[in-house]
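Structure record follows, encoded as structure tokens.
The values are calculated or read from the model by the stated rules, or taken from the named source; none is laboratory data. Please read these numbers as outputs of a predicted model, since none were measured by experiment. Here Cβ is always computed from backbone atoms with ideal geometry, including for glycine, and neighbour counts include all displayed protein chains. Remember, those area values only see protein heavy atoms, side chains included, never the ligands or the DNA or RNA. Shrake-Rupley method; radii C 1.70, N 1.55, O 1.52, S 1.80 Å.
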Amino acid sequence: MLEDLVKKLPGAVSDASWNITINGKQVKKILVGGKEFFTDDPTVAMKNLPANMVDKLKTYDKQSDFTRLTGIDDGNEETVLDLQVKPGMKDGWVGQVKLGAGNEGRYEENLNANRFLDNSQFSAIGSANNINSQGFSEFGGGGMGFNTNAGQGINTTKTLGINFAEDKGKLQVGGDGRLGFTNRKGISEQNTTTSYGSGTSSYNIDNNSSIRKNDEFLGNFRLEWDP
């Protein structure tokens with residue numbers, strides 16, 4: 001996937017939370033052909049875009065929209081990763097399907113479909129699993145998905161996202177929407193034995209179970225008109 005390709009860039013480092021830094025600067029956004037791909041959540045592109053669709057890849061500090069449109073520097077630059085799609089990949093759809101099943105009812109399902117043209121883009125990504133795998137990125141971290149620590153029970157995660165962009169010359173529109181659901185079930189048992197000086201002892205068993213559910217929806221919409 002794209003993450004495997006990015007790791008080969010000089011100065012690129014990926015941490016356990018899927019954050020990518022290049023020469024010490026954290027990548028804030030992924031652009032496809034100069035257009036934003038799932039705003040503020042680079043993990044979506046890193047985990048779901050196939051590397052073999054990439055023709056060229058470059059990273060740079062992008063000016064804010066305010067600076068770009070007004071010429072007034074507000075100092076809010078962002079480090080972005082901009083990829084160009086191979087011409088042959090613009091003739092149809094690019095995507096993948098991954099299905100997995102295991103014992104004790106474990107499963108994993110992932111689907112993504114993308115269409116990248118010169119003036120328009122559309123992507124749909126969905127996943128469902130109960131193997132403690134993240135959806136998009138860390139829940140509550142400005143992105144989408146759920147931080148699933150395997151030590152805190154069995155997590156069922158379902159996520160769905162779409163991204164689109166349209167360039168009509170003087171008018172540009174784009175946006176994305178993401179929906180996520182997680183159900184965390186945890187069961188724990190603690191056995192305690194206490195010995196006393198008189199030769200007696202006590203034995204205690206504590207059982208705990210918990211269920212935690214979360215739903216989240218995030219949406220972004222962009223419109224730029226240059227009359």
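To the nearest 20 Debye, how big is the dipole of the chain about its Cα centre, given +1 on the beta carbon of each Lys and Arg and -1 on that of each Asp and Glu? Each step should come with its number before you reach the end.
On the way: 25 positive and 29 negative charges, 91 e Å.
In total the dipole reaches around 440 debye.
Under a 1.4 Å probe, what is the accessible area of the chain per residue, stated in Å²?
58 Å²
In straight Cα distance, which aspartates and glutamates are under 17 Å from Lys86, not counting same-chain residues fewer than 8 positions off?
Correct list for Lys86: Asp55, Asp118.
For a quick check: with amide H placed at 1.01 Å from N, whose amide H comes under 5 Å from Asp40's, ignoring anything fewer than 5 positions away on the same chain?
Ile30
State the label only: which of [x] 1.81; [y] 1.08; [z] 1.30 corresponds to Cα Rg over 2.2 N^0.38 Å computed from the shown model?
The value matching this structure is [z].
Quote the relative contact order of the chain in percent (integer), defining contacts as alpha-carbon pairs under 8 Å separated by 6+ residues.
Result for the chain is 13 percent.
Go through Lys62/Lys185; Lys7/Lys62; Lys29/Lys98; Lys7/Lys185; Lys47/Lys213 and tell me which ones have a Cα-Cα distance over 32 Å in this structure.
Among Lys62/Lys185; Lys7/Lys62; Lys29/Lys98; Lys7/Lys185; Lys47/Lys213, the Cα-Cα distance tops 32 Å for Lys62/Lys185; Lys7/Lys185.
For the range 17-98, what's the radius of gyration and Dmax over Cα atoms, in angstrom?
When restricted to Cα atoms, the range 17-98 yields Rg and Dmax of 14.2, 47 Å.
With a cut-off of 8 Å between alpha carbons and a minimum separation of six or more residues, what is the relative contact order of the range 25-77 in percent?
RCO, the range 25-77: 20 percent.
Sorted by average packing, counted as other Cβ atoms within 10 angstrom per residue and highest first, what order do 27-34, 104-111 take?
27-34, 104-111
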